[in-house]
1. For the range 3-70, what does the alpha-carbon gyration tensor say about shape, rounded, prolate or oblate, given a ≥ b ≥ c as the root eigenvalues, a/c under 1.5 as rounded, and a/b over b/c as prolate?
2. Under the 0.36 nm per residue contour assumption, what length would be gained going from the current alpha-carbon distance of residue 16 and residue 38 to full extension?
3. Just want to confirm a number: the relative contact order over the range 3-70, from Cα pairs under 8 angstrom separated by 6+ residues, in percent.
4. Can you pull the one-decimal nm distance between simple spin-label points at residue 53 and residue 66, each 7 Å off the Cα toward Cβ?
5. Given labels modelled 7 Å from the Cα in the Cβ direction, how far is it in nm from residue 8 to residue 30?
């Protein structure tokens, strides 16, 4: 699956709720290409609540697993689990 095509599907899904575009994003979650899977997750995340319903339906139809659906992050969740470090805490002087 071409990343440009997938990006356009993401735009159609996010902006207009185009169901065929959403279906393509769901299909991309099972791609052999790691970058395509990551892009699909990001685009589904961007659509928020609309994508949650789509993912739920895809799991119910057994198009994707619950694990695949859970990998999609949504707004309101932290984007990183790594703690922020203050400047200079890695052994580098704060004035460097």
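1. Oblate, since a/c reaches 1.5 and b/c is not below a/b.
2. Working it through step by step, the gained length comes to 5.8 nm.
3. 30
4. Taking the two extended label points, one gets 2.3 nm.
5. 2.4
Every number here is computed from the coordinates shown, using simple stated rules; none is lab data. Just so it is clear, the structure is predicted and the values come from calculations on it, not from any experiment. Don't worry about glycine lacking a Cβ; one is built from the backbone with ideal geometry, like all the others, and counts go over all protein chains shown.
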